[in-house]
1. Which members of segment 254-298 meet the condition of being aromatic (F, W, Y) and in contact with a His (Cβ under 6 Å, 6 or more places away or on another chain)?
2. Go through (1) assigned to a loop (DSSP other than H, G, I, E, B); (2) farther than 21 Å from D235 by Cα one by one and return the number of the condition M19 breaks.
3. With more than 16 Å from the chain's Cα centre (by Cα) and not aromatic (F, W, Y) as the only criterion, which of G117, G157, G126 stands out?
4. I'd like to check something: does segment 20-38 contain any residue that is farther than 23 Å from R283 by Cβ, polar (S, T, N, Q) and buried (at least 18 other Cβ atoms within 10 Å of the Cβ)?
5. Enumerate the helices (runs of 4 or more DSSP H) found wholly within segment 100-170, keeping only those where 1 or more residues are surrounded by 21 or more Cβ atoms within 10 Å (Cβ to Cβ) and either in contact with a His (Cβ under 7 Å, 6 or more places away or on another chain) or of a type outside the set (A, V, I, L, M, F, W, C) (or both).
6. Among the residues of segment 249-289, which ones are assigned to a loop (DSSP other than H, G, I, E, B) and closer than 22 Å to R42 by Cβ?
7. Being under 18 Å from the mean Cα position of the chain (by Cα) and surrounded by fewer than 19 Cβ atoms within 10 Å (Cβ to Cβ) is the filter here, so list the residues in segment 241-259 that pass it.
8. If you check every pair at least six apart or on different chains, which have Cβ atoms under 7 Å apart with a residue in segment 254-276 that is of a type outside the set (S, T, Y) first and a residue that is part of a helix (DSSP H, G or I) and surrounded by fewer than 17 Cβ atoms within 10 Å (Cβ to Cβ) second?
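The values are calculated or read from the model by the stated rules, or taken from the named source; none is laboratory data. Just so we're clear, the structure is a prediction, and the values are computed from it rather than from any experiment. Because the Cβ atoms are built from the backbone with ideal geometry, glycine has one as well, and the counts that use them run over all protein chains shown.
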Amino acid sequence: MGRILPTCFLYAMRGIVRMPWSVQWRIGAAAGGLMYRLMRRRRRIAETNLALCFPRLDHATRSRLVRRHFRSLGLGLVEIALAWWGSDAQIMARARIVGAENLEAALSFGKGVILLGGHFTTFEIGGRIFTSRFQAGATYRPHDNPWWDAVLRSGRGRYVTDLVPHKDARAMVRYLGRNRILWYAPDQDFSRHGGRRQVFARFFAERAATTTATAWIARRSGAAVVPFASYRLADESGWEVVIGPALQDFPSGDDAADAQRLTEVLETQVERSVEQYLWVHRRFKTRPPGESPVYDAALLRRRATRG
């Protein structure tokens, strides 16, 4: 029984890609509404994150933003199905890549490219669109459930050339040394996944534990760091992948300054479409010295009702 429901879910997702576009989107929106009602803990985490990052927003505005975020999560499920099982013609008819010349210029130096992104709800479809033009690998953290891990590897393996362990910085350096592109997202709290060195960088209005591995990898490999983000268009008619110019004078040798700079790049990406960022992740679970936890159950309940 443990695999029956997940298997049925996967078959349902595969079936979605054969449906008309309008039906796919209605399914995604309905899934988002259902998740909003059922995933109460994740909803409170999102509310907490938004309250910490945007304290000037009133409670009603944040609540509407959380609802839009869960709609985005639901649409993201449909996009996963498209990324894993959709055809190139089906996807690329609604997609565009902006700034490809920035990546080509960075690759011309022969040192590889760290494709700097964040965790957005469009992650999977953005990767599929990007790899329609460029071959790329991605860092990867194995799922705790071996069966789901195999499913994820199979799905992403349809468009990503290689999956590099997210804890193995030296493997990343070797990979980049072959002048390859590696998607890397440093916007999660790695304190419980390998003990990487971290500093606290301000993410909007709150300090967040931020890995210094990006600067270390760039320094050891000589790879260019190129900002990358993918967005669902405002009218939900398709997607846009945006590739920015390579960061200049990075790394600087100052870990704290470098971490803050990367966080500011992420802020710029998030500001374009706040609801599409992954707010249900516990970004602030590691706290600066002397500061209290923000995700314990009582605090989440209080924050969810506070204006």
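1. Within segment 254-298, the subset aromatic (F, W, Y) is 277, 279, 284, 295.
Once the filter is applied, which keeps residues that are aromatic (F, W, Y) and in contact with a His (Cβ under 6 Å, 6 or more places away or on another chain), segment 254-298 yields only W279.
2. Unmet for M19, out of (1) assigned to a loop (DSSP other than H, G, I, E, B); (2) farther than 21 Å from D235 by Cα: (2).
3. Details: G117 fails: more than 16 Å from the chain's Cα centre (by Cα); G126 fails: more than 16 Å from the chain's Cα centre (by Cα).
So the residue among G117, G157, G126 that is more than 16 Å from the chain's Cα centre (by Cα) and not aromatic (F, W, Y) is G157.
4. To start, the set of residues in segment 20-38 that are farther than 23 Å from R283 by Cβ comprises 20-31, 33-34, 37.
Add one more test, that the residue is polar (S, T, N, Q), and what stays is 22, 24.
Next, only the ones that are buried (at least 18 other Cβ atoms within 10 Å of the Cβ) stay: 24.
Yes, segment 20-38 contains at least one residue that is farther than 23 Å from R283 by Cβ, polar (S, T, N, Q) and buried (at least 18 other Cβ atoms within 10 Å of the Cβ).
5. Numbers: elements: 100-107, 123-130, 146-156.
Helices (runs of 4 or more DSSP H) meeting the threshold: 123-130.
6. Answer for segment 249-289, where residues must be assigned to a loop (DSSP other than H, G, I, E, B) and closer than 22 Å to R42 by Cβ: S273, L278, W279, V280, H281, R282, R283, F284, K285, T286, R287.
7. To start, the set of residues in segment 241-259 that are under 18 Å from the mean Cα position of the chain (by Cα) comprises 241-244, 259.
Selection gives V242, G244.
8. These pairs meet every condition: E275/R68.
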